Each structure stands twice: as structure tokens, then as C-alpha cells.
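This report refers to the structure that appears directly beneath it.
The values are calculated or read from the model by the stated rules, or taken from the named source; none is laboratory data. Because the structure is a prediction, the values reported are computed rather than measured. So basically every Cβ, Gly included, is an ideal-geometry build from the backbone, and we count neighbours across all protein chains shown. Heavy atoms of the whole protein, side chains included, go into the accessibility calculation; ligands, DNA and RNA do not. Shrake-Rupley method; radii C 1.70, N 1.55, O 1.52, S 1.80 Å.
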Amino acid sequence: MRYASPLLSLPGAVPSEGPDEGVAAHYGDLFREQRALAEGSGFVDLSHRGVLTVTGPDRLSWLHLLITQHVSELPPHEATEALVLSANGHIEHGLSLVDDGETVWIHTEPGDQTALMEYLESMKFFYRVELADRTADFAVVQLPAGSIAEAPEGVLVRQTPYGRELFLPRERLREFAEDGRYGPPVGVLAHEALRIEAHRPRVGLESDHRTIPHEIGLIGTAVHLQKGCYRGQETVARVHNLGKPPRRLVFLHLDGSEVTIPGHGDPVRLASDGPEGRQLGFVTSSARHHELGPIALALVKRNVPLDAALLAGTTAAAQEPVVQP
């Protein structure tokens, strides 16, 4: 189930589409919002993301067995990222989590909470854990890195290098936006532009049904290589030791003279082969950046030359490697 944010009724709010449906794409001035976010001002409404909780004395040791991250001894209030993999090592779910000392709080991609909840429920067995879908009760809000605003009293904060994520009671979202201490609301288009600039992959956009963590740069951030067994670990270990993932994530500087920019799924080819050439990958995310112009991330075959000029859809693109071949 998707939730429509009450902030869509704020002046200038333009609804987002696609995977970010339910929140504002922008509030009337995309580049101003990007600059504010980059300078540590404003907040981003991410209330469309799914929220789950895990309670019980076995919560950390149990999660440790199921996910790619080492969490059996996770200190309270320390943020981490993790994945759930298939038996073949393909990414199925991405988790952003924090433990408050009694409960593990997880937020995940919009709409993914139901499937993730079903998987976790199927793996409870005899462990002393309880799961709950709290999406209807809590909204994720991000304060950018550099923001000096204090989080509301009693609200759980997940501190990351890119800002603070608040698990805000959904009923307080409009009050939060109107408070004034947190700066202007910033749409998800600005948030996405800065994410792409930072080369940060997003599960479901930079990944497809056969993506393994190595291809999009999640080893070390969402995958711990020295922990015990979990589903998909054999693939992770084998590819890590051989060092040859079949694809790699690249950052693209796009030709700024084009009216439109390529979208998710548009083919990537060698520029020398033209728009009818052999497809070597696909665009995963794209945005218009306030300083860099049009930019994108793409997943391409490992053997694409590092210095090759590319076409993203029909747009000329210069690549920077995110994952080395």
C-alpha cells in the first residue's frame, strides 16, 4: 500500500511519479531546492518509504543470519545498511536500519515493505522476535548533512554520512513541515540529483532481478565480508575472490544540449556504434543537477572500455567508473 503525503497540499508541490509516487517531486524551484539541500538547509519528505520494526531479545542475532550485514552486536543508534539476497546472490531487498536498544527500525524502498515482511515472517521459526509493518504510523524525513536543526524530542534519528533520517510519527508530518525550524521542504528530484552525484546506488533502480552487490558498489557498505553464513553468501565470496562481476556501475555526464534526458531502462551503447548498435547496459537513474547539468548512473558490461564514449538512449555521455572492472 502506498501513502500520499499530506505535504502534497503545500504551495507549489508537484507530485512525483514512478517509484517515488506519493511525495512531492519539487515545490516549484528544482535548482533552488538542490542548492538548499547541498548547503545543509531544508528537509526531504520520504514518507512514501516502507517502515518495519523488529522487537524481541533475539532480534539482532536473528537478523544477522538473514542479511548481508554484521548486526549481531550492533550498538544502539548506529546506522547501517544491509541486503537480502536470493540463493544465487541476487539482490532482493535493501534495508536501512538502526537499533534503539529495544527495537530494530528498518526503512526500505516504497512498496517493498510487504514482500520484505513476508520473507522475514517466514524465517522466524523458534526465534524470540516480533515483526510489525509501521508504515501507516511512521514517516521517514531526512535532514541533510550540515543541517543544524535539532530533531523533534522523542523522535528516533538514524545518523548517516548524507544526513539524519527521522522516524517521525506520520500524524506529525504536517506540523513538522510548518514548524519553520527545519527550513523549506525539498522535493525528491533534488534528493535524487544529489544521490546520483554521490554515486549512491538505490535498490530497485540501480539493481534488477539479476544484480549482485559487487556490480553496484555495495561491498563494504551493505555487505560485510567477514560475517557468518547467509543466503547468497557463496556467490558474494566467489565473485569477491575472483574479482570479476559481469557488470559495473558507471556515472555519466550527459550532453547538456539535449531537451530531454534518458530515463530508467534506456539502453546504453558505444557512441561509435550509433543508436542502432549493440546494447551494453541500461540507464538506471538520471537527473538535472544544479552545477553538473544532466547526469545519470548506468549499469554496463564489465568489459566496456573505461575511456569509451557512450550513448545513453540517444544522448552522448562521458563515463566515470563507480565500480572498477
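Quick notes
- Spacing of the two label points (7 Å from each Cα toward its C-beta) at residue 124 and residue 278, in nm: 5.1 nm
- Rolling a 1.4 Å probe over the protein heavy atoms of the chain, with every protein chain left in place, gives an accessible area that is 51 percent carbon and sulfur.
- Reachable aspartates and glutamates from residue 227, criterion Cα separation under 15 angstrom, eight or more residues apart if same chain: 73, 81
- Annotation: amide H of residue 247 within the under-5 Å range of 302, sequence separation 5 or more or interchain, hydrogens built in the peptide plane.
- Normalising the Debye intensity of the range 254-314 to I(0), with uniform scatterers on Cα atoms only, and taking log10 at q = 0.26 Å⁻¹ returns -1.15.
- Inter-label distance for residue 88 and residue 291, nm, one decimal - labels placed 7 Å from Cα along Cα-to-Cβ: 4.2 nm
- Approximate spin-label separation residue 174-residue 234, in nm, with each point projected 7 Å along Cα-to-Cβ: 5.4 nm
- With 0.36 nm allotted per residue and the present C-alpha distance subtracted, the residue 70-residue 153 stretch has 26.9 nm of extension available.
- Inter-part distance where the range 101-143 and the range 163-187 are each reduced to a Cα centre, Å: 22 Å
- Sequence-distant aspartates and glutamates (8 or more away, or on other chains) whose Cα lies within less than 13 Å of residue 301: 215
- In the full protein context, the range 50-133 carries 39 Å² of accessible surface per residue, based on a 1.4 Å probe and ignoring ligands, DNA and RNA.
- Computed with a 1.4 Å probe over protein heavy atoms only, the accessible surface of the range 246-324 comes to 45 Å² per residue.
- Amide H within-cut-off set for residue 316, under 5 Å, with H built and near neighbours excluded: 255
- DSSP-loop trypsin sites (Lys or Arg not before Pro) across the range 240-325, with at most 11 other Cβ within 10 angstrom: 278
- Between residue 160 and residue 303, the C-beta separation translates, for a Förster distance of 45 Å, into a calculated FRET efficiency of about 0.85.
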